[in-house]
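What follows is a set of notes on a single structure, which appears directly below.
Values quoted throughout were computed directly from the atomic coordinates according to the rules given, and no laboratory measurement underlies them. Given the structure is predicted, the values throughout are model-derived calculations rather than measurements. Positions of Cβ are generated from backbone atoms using ideal geometry, with glycine treated the same way; all protein chains shown enter the neighbour counts.
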Amino acid sequence: MRMPHFLVIPYPIPGHVNPMMQLSQLLAKHGCNITFLNTEFNQERANKAGAGLEKLKESRIKFVTLPDGLGPEDDRSDRKKLTFSVRSNMPPKLPKLIEDVNALDVDNKINCIVVTVSMGWALEVVHKLGIKGALLWPASATSLATCHSIPRLVHDGIIDSDGNPIKKQKIQLYPNLPMMETAKFPWCGLASSFEGSHVHSRSSFVFARVAVFMDLMSGDEPKDFSRAV
């Protein structure tokens, strides 16, 4: 049986890249082939730093890049700017990248992708190509449940359609969860409502079509929380 070939696509910040690399190394140890998609900027920075890439390149992990659309002078710590640029520039280029990778070994084509949150657009792209996908959620399971509940929160008048709280209050999403302040939802405080709109518009697609990996091993998660999710 042919081993799976995963294309992994993290959102280009350390808090997403590092967990995705850990998952990639685990999959590679089990014989899976990994194509790791980095932005050109991040890959160049990693090459300069060393980052143990030579050892990784000798394993089943191969690296490919796409531009994030920003210039060298742009501030990539500006999440709004980075996210909009990535969404504008990378989706049209992804099918060609997959085609090029597959052409290198027609017997080892990409048959699954794994993305982190904020790269959900890639799931829509590969769905049209007949490739299965999964989402790696690098944050807590509690934050995942909160984002999953966005349609219900809108329906119940807790937040508006842009993700902004209607009023400051405390709510309990599930019986096993503590009370939460609406002003501290994961997408709040990101300088604009674009993130709330994005999560709301994409959540149905993501949760309906893909498997979601998350960390339920941490003692920080409520007991039996997996049943709540």
Response to the item:
Largest first and rounded to whole Å, the semi-axes √(5λ) derived from the alpha carbon gyration tensor of segment 5-146 read 21, 18, 17
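Order these peptides, 98-106, 14-22, 113-121, by their mean beta-carbon neighbour count within 10 angstrom, highest first.
Details: 98-106: 12.7, 14-22: 16.1, 113-121: 23.1.
So the order, starting with the most tightly packed, is 113-121, 14-22, 98-106.
Going by a ≥ b ≥ c, the root eigenvalues of the Cα gyration tensor, does segment 117-174 fall in the rounded group (a/c under 1.5), the prolate group (a/b larger than b/c) or the oblate group? Intermediate results must be reported in sequence, preceding the final value.
Details: a/c = 3.15, a/b = 2.05, b/c = 1.54.
Prolate, since a/c reaches 1.5 and a/b exceeds b/c.
Classify segment 68-150 from the C-alpha gyration tensor, please: rounded if a/c falls under 1.5, else prolate or oblate depending on whether a/b exceeds b/c.
On the way: a/c = 2.46, a/b = 1.22, b/c = 2.01.
Since a/c reaches 1.5 but b/c is at least a/b, the shape of segment 68-150 is classed as oblate.
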Response to the item:
Charge dipole of segment 23-161 built from unit charges on the beta carbon (Lys, Arg +1; Asp, Glu -1), centred at mean Cα; most positive-end Cα among S161, N38, H148 is H148
Worksheet entry | Euclidean distance of C-alpha centroids, segment 99-115 and segment 11-36, integer Å | 16 Å
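Taking the mean number of other Cβ atoms within 10 Å as a proxy for protection, how do you rank 169-178, 79-88, 138-147 from highest to lowest? Intermediate values should be presented prior to the final figure.
On the way: 169-178: 13.3, 79-88: 16.5, 138-147: 19.8.
Ranking, from highest mean packing down: 138-147, 79-88, 169-178.
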